[in-house]
Amino acid sequence: MSKLSQRHLLGIKNITADDIELIFETADNFREVINRPIKKVPSLRDVTIANVFFENSTRTRLSFELAEKRLSADVVNFSASGSSVKKGETLLDTVNNILAMKVDMVVMRHASVGAPHFLSRHITANIVNAGDGTHEHPTQALLDGFTIRQKLGSVAGKKIVLIGDILHSRVALSNIFALKKLGAEVKVCGPLTLIPKYIESLGVTVEPEVSKALAWCDAANVLRIQLERQQLKYFPSLREYTLYYGINRKMLENLDKKIVLMHPGPINRGVELSSDAADSGHSVILDQVENGVAVRMAVLYLLAGATA
C-alpha cells in the first residue's frame with residue numbers, strides 16, 4: 001500500500017490505522033531527509049500548495065510551510081487578517097479564488113468546526129485540516145503518535161494520559177482517535193469542568209488526580225489552557241489550576257520510572273508546566289517540533305498521490 005485511503009486529511013476519525021502506519025513509515029524516510037546536509041527532495045516539484053489560515057498560527061503554519069518547501073512544492077500563503085474575508089467574502093469564494101490560481105492542495109485552519117469538511121465537498125483540490133475550531137487537529141495527533149512510537153518503540157499497549165483542557169482542545173480529540181486506533185490505553189486528567197461529558201464513550205477513562213495519572217502513564221501529553229476559547233469561568237484562577245494540575249520537575253523526579261513528557265505548544269510556562277519540567281530530560285517537546293515537519297511532509301506527499 002502506497003496511498004492513503006482518503007483524498008483529504010480532514011480528521012483522524014476519517015482515516016484508518018493502516019493510513020496512520022503508512023504516514024509513520026513515510027515520515028521515517030523524511031526524518032532522514034531533513035537531517036541531511038541537503039534537506040530538499042523534488043517529490044512535489046510540480047505541486048502548488050496554498051496555506052489558508054483564517055485563525056492565527058505560528059508553529060503549525062511554519063511547520064507546514066517548511067514541509068512544503070522541503071518537498072520542493074510551490075507555496076502560496078493566505079492569511080485572513082487584512083484580506084477580503086474582512087470585507088465579507090465567503091469561505092467558498094476565498095478558496096475558489098485561490099484555486100483559480102491553479103492550486104493543487106489547500107492546508108486550512110479555521111475557527112468553525114467542519115469548515116474543511118464543507119470545503120472538501122465543493123472543491124477538487126486535496127485538503128489538509130490544520131485545525132478546525134475545537135474539533136480536530138489531525139497532523140498534531142500524528143506527530144504526537146509518531147514521537148511516542150519513536151521514544152517508546154510502539155504505540156500499541158502503551159499507557160498515555162492527556163492532561164489539561166480536554167473540553168476545548170482539538171489536539172485532545174485527534175489524539176484520542178489516533179491513540180485508540182493504534183492500540184494504546186488512554187486516560188484524560190483535568191478539572192471536571194474541562195472534561196467533556198461524552199469522553200468515556202470514546203473508550204478513555206478519567207483520572208482526576210495528576211499524581212496518579214503520572215504514576216500510571218508511559219507518556220503524558222500536557223495541553224495548553226485555551227483561555228481564548230473559554231467564554232465561561234471553568235476554574236477559579238490560573239494560580240489554582242497550577243496548584244492542582246500543574247506539573248513540575250519534582251513531581252517527575254518522584255516517579256519510580258522515566259516517562260515521556262509532551263506538549264503541543266505554545267507552553268504557558270508556570271501554568272500547565274514549570275520551566276524545569278519543560279526543559280527536563282523527560283521532555284520531548286523539541287522532538288515533537290522536528291517530527292512535525294517530517295510527518296507533514298509524509299501527509300502532503302501521500303495525499304499528492306506520489307508513489308514511494
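The values are calculated or read from the model by the stated rules, or taken from the named source; none is laboratory data. Values in this document were obtained by computation on a predicted structure and should not be read as measured data. So basically every Cβ, Gly included, is an ideal-geometry build from the backbone, and we count neighbours across all protein chains shown.
Here's a check for you: in the stretch 178-193, which residue that is closer than 17 Å to residue 164 by Cβ and within 19 Å of the chain's Cα centre (by Cα) is surrounded by the most Cβ atoms within 10 Å (Cβ to Cβ)?
Across the stretch 178-193, the extreme among qualifying residues is 188.
Would the stretch 113-127 turn up any residue that is more than 14 Å from residue 54 (Cβ to Cβ), assigned to a strand (DSSP E or B) and in the same structural domain as residue 36 (by TED's automatic domain parsing)?
yes
Does residue 13 satisfy the condition of being over 17 Å from residue 293 (Cα atoms) and in a loop (DSSP other than H, G, I, E, B)?
So residue 13 fails the test.
Just for the stretch 54-68: of the residues that are among the acidic types (Asp, Glu) and in contact (Cβ under 8 Å) with a residue 60 or more places away in the chain, which one is surrounded by the most Cβ atoms within 10 Å (Cβ to Cβ)?
68
Quick check on my filter: what residues within the stretch 197-218 are within 17 Å of residue 168 (Cα to Cα) and acidic (Asp, Glu)?
200
Working only within the stretch 1-17, note down all residues that are surrounded by 17 or more Cβ atoms within 10 Å (Cβ to Cβ) and touching a strand residue (DSSP E or B) at 6+ places or on another chain (Cβ under 8 Å).
Correct list: 8, 9, 10, 11, 12, 15.
How about the stretch 24-78: which of its residues are more than 24 Å from residue 147 (Cα to Cα) and in contact with an Asp or Glu (Cβ under 8 Å, 6 or more places away or on another chain)?
Matches in the stretch 24-78: 44, 47, 48, 49, 51, 75, 77.
Inspect all residues belonging to the stretch 233-252 and state whether any of them is more than 24 Å from residue 286 (Cβ to Cβ) and modelled with pLDDT of 95 or more.
Looking through the stretch 233-252, none of the residues is more than 24 Å from residue 286 (Cβ to Cβ) and modelled with pLDDT of 95 or more.
What residue, of 140, 150, is closer than 21 Å to residue 61 by Cα and crowded, with 17+ Cβ neighbours inside 10 Å?
Just one listed residue meets the conditions, 140.
Please go through the stretch 119-143 and pick out each residue that is over 13 Å from residue 12 (Cα atoms) and touching a strand residue (DSSP E or B) at 6+ places or on another chain (Cβ under 9 Å).
119, 120, 123, 125, 126, 127, 133
Among the numbered criteria (1) closer than 18 Å to residue 205 by Cα; (2) more than 15 Å from the chain's Cα centre (by Cα); (3) in a helix (DSSP H, G or I), which one does residue 151 miss?
(1)
Could you grab me the full set of residues in the stretch 18-53 that are surrounded by 21 or more Cβ atoms within 10 Å (Cβ to Cβ) and assigned to a loop (DSSP other than H, G, I, E, B)?
Correct list: 44, 47.
Could you say whether any residue in the stretch 283-296 is part of a helix (DSSP H, G or I), among the small types (Gly, Ala, Ser) and closer than 25 Å to residue 126 by Cα?
Yes, the stretch 283-296 has at least one match.
Going by the conditions given, is residue 130 among the small types (Gly, Ala, Ser), within 23 Å of residue 288 (Cβ to Cβ) and either modelled with pLDDT under 90 or not in a strand (DSSP E or B) (or both)?
Considered against the rule, which asks whether it is among the small types (Gly, Ala, Ser), within 23 Å of residue 288 (Cβ to Cβ) and either modelled with pLDDT under 90 or not in a strand (DSSP E or B) (or both), residue 130 comes out as no.
Considering only residues of the stretch 201-232 that are surrounded by 12 or more Cβ atoms within 10 Å (Cβ to Cβ) and at pLDDT below 85, which is farthest from residue 191 (Cα to Cα)?
Ranking the candidates gives 229 first.
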